[in-house]
Amino acid sequence: MFFAFHIFAALLIYLSYKSFRGGIDYLNYFKQELAKPQSEFTPFATVIAPCKGMDEGLEQNLAVLIEQEYPAYEVIFVVDDEGDPAVPVIDEIVSRKDAKSQSVDDPGSGDPPLFRVVSSKLIVAPKAIGSSQKVENLREAVLHTDERSEVLVFVDSDARPARNWLRSLVAPLSDESIGAASGYRWFLSEKPTFASELRSAWNASIASALGPNVKSNFCWGGSTAIRRHTFERIGMRDKWRGTLSDDFAVTRTLSEAGLPIHFVPRALIPSIESCSMRECLEFTTRQMKITRVYMPHLWLLSFFGSGLFTSVMLSSILIAILSKQNNAPVWAAIATLVIVSIFSIGKAWLRSKAVGMVIPAASKQTFPQLTLWLLSPPLFLLNSILALVSRRMKWRGITYELV
């Protein structure tokens with residue numbers, strides 16, 4: 001039994017070291033990308049924002065979409081019901097934009113406009129049949145884009161991008177060999193709770209999976225840009241039919257087409273909302289259920305990795321506490337706990353430092369990030385088990401059965 005423990009402990013230490021090295025690469029990638037000058041590649045773009053219900057801070061989230069520092073673009077808000085609670089908020093934002101000048105200049109400077117929203121509108125999508133409602137909203141929205149649009153950009157209503165988000169996200173597409181450019185979410189809470197910080201730490205481990213390797217990157221539907229020509233060439237609208245996850249479907253289609261995905265650190269977006277433990281578990285389990293269906297190899301890796309971490313760390317604690325002899329297994333258990341903790345805390349610190357360069361408010365989460373890493377793998381393990389026993393999930397008030 002102790003022989004098996006030593007083997008698995010050594011494997012966990014090795015994987016923890018690899019993760020720590022990945023944290024170094026992650027921070028270096030942020031420094032490299034943030035050092036690049038502002039791009040001048042600004043083709044006409046269409047920003048599509050599917051909405052359903054009242055997200056926390058919805059007005060602030062949507063308002064910034066019409067205040068982007070970008071020469072010419074349009075914003076399409078899309079809902080599935082004219083009576084949706086988000087509609088009055090959207091109407092207010094659209095009317096507020098219409099009341100402003102279409103161009104905002106620095107008086108007397110002679111500089112070009114800081115931003116110019118060519119148009120913003122609200123459309124109502126049909127009720128989904130066989131697809132998630134978000135996917136149906138996106139499939140409808142792309143039919144209403146301006147004919148001048150060269151880039152399609154997708155954003156979630158619970159995300160609050162910075163004003164340079166659109167320009168930064170579109171910039172990598174100047175290279176036509178790039179399939180898509182993507183950011184990711186970072187959970188923040190104005191009134192932090194244990195559940196909110198645990199969800200953020202859980203999500204952070206996924207955020208740091210993105211980086212310089214364009215072949216292993218993935219798209220996040222809350223912050224993704226793709227050339228319109230590419231979108232049409234890969235038949236993405238048709239590929240979305242019958243799917244639940246818009247971003248997993250895009251990632252899989254681009255991979256099949258051999259098109260790389262560029263991760264944009266400046267497109268890392270805060271999602272500012274609190275949650276309860278029930279909501280935390282519901283969110284994390286939903287992500288793993290979707291992963292099991294769309295990327296089963298990632299689900300298996302998560303299952304194995306979280307299972308290895310949980311079993312080895314728990315065994316190490318029990319051996320160190322319960323053993324009555326001061327022998328080799330005890331010292332091996334203590335060494336495992338210390339080494340894995342050092343690498344894990346180091347990875348969390350590197351990740352927090354990188355994210356803080358883009359989202360300064362994330363620096364307030366340093367302590368939770370440096371401590372809650374210990375609970376993230378057990379939560380991943382629970383999520384993976386729940387994803388194994390059920391494919392039923394509830395999302396935005398709608399219950400789905402994944403096939």
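The values are calculated or read from the model by the stated rules, or taken from the named source; none is laboratory data. Only a predicted model underlies this, so the values are computations on that prediction, with no experimental measurement involved. Heads up, the Cβs are rebuilt from the backbone with ideal geometry, glycines too, and the neighbour counts pull from every protein chain shown. Calculation scope for accessible area: heavy atoms of the full protein, side chains included, ligands and nucleic acids excluded. Shrake-Rupley method; radii C 1.70, N 1.55, O 1.52, S 1.80 Å.
The table below lists the values:
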| read-out | value |
| --- | --- |
| Folded to 0 to 90 degrees: helix 328-356 orientation relative to the chain principal axis, Cα | 10 |
| Accessible-area ranking of W395, W331, largest first, probe 1.4 Å | W331, W395 |
| Largest-first principal axis extents, alpha carbons of the chain, Å | 78, 49, 42 |
| Rounded D (µm²/s) - region 200-352, Kirkwood Rh over Cα pairs, Stokes-Einstein at 25 °C, 0.890 mPa s | 132 |
| Residues of region 116-147 with amide N under 20 Å of a point placed 7 Å along Cα→Cβ from R392 | 129-133 |
| Pair E282, V214: separation of 7 Å Cα→Cβ label points (nm) | 4.0 |
| Region 254-309 and region 347-403: distance between their alpha carbon centers, rounded to Å | 8 |
| Expected 222 nm ellipticity per residue - DSSP helices of 4 or more, -39500 (n - 2.57), all of the chain, to 500 | -16000 deg cm²/dmol |
| Estimated vicinal HN-Hα couplings, Hz - region 288-304 in sequence order (Karplus 6.51, -1.76, 1.60; Gly, Pro = x) | 6, 5, 5, 4, 4, 7, 8, 9, x, 5, 5, 5, 5, 4, 5, 4, 5 |
| Candidate lysines - alpha carbon under 20 Å from K121, same-chain residues fewer than 8 apart omitted | K52, K97, K100, K134 |
| Amide H partners (placed H, <5 Å) of V78, local residues excluded | A49, C51, I123 |
| Sites I123 and L301, calculated FRET efficiency, Cβ-Cβ separation with R0 41 Å, nearest 0.05 | 0.55 |
| Computed lengthening from Q325 to A361, 0.36 nm per intervening residue step minus Cα-Cα distance | 8.2 nm |
| HN-Hα J in Hz across region 40-47 - Karplus 6.51, -1.76, 1.60, θ = phi - 60°, x for Gly and Pro | 9, 7, 9, x, 4, 10, 10, 9 |
| Global geometry of region 113-259, whether rounded, prolate or oblate, following the gyration tensor of its Cα atoms and the 1.5 cut on a/c | rounded |
| Probe 1.4 Å - accessible area at L143, Å² to nearest ten | 100 |
| Order of exposure, largest accessible area first, which applies to I342, I385 with probe 1.4 Å | I342, I385 |
| Cα-based reach from K364 at 26 Å (exclusive), listing lysines while leaving out same-chain residues under 8 positions away | K31, K191, K347, K353 |
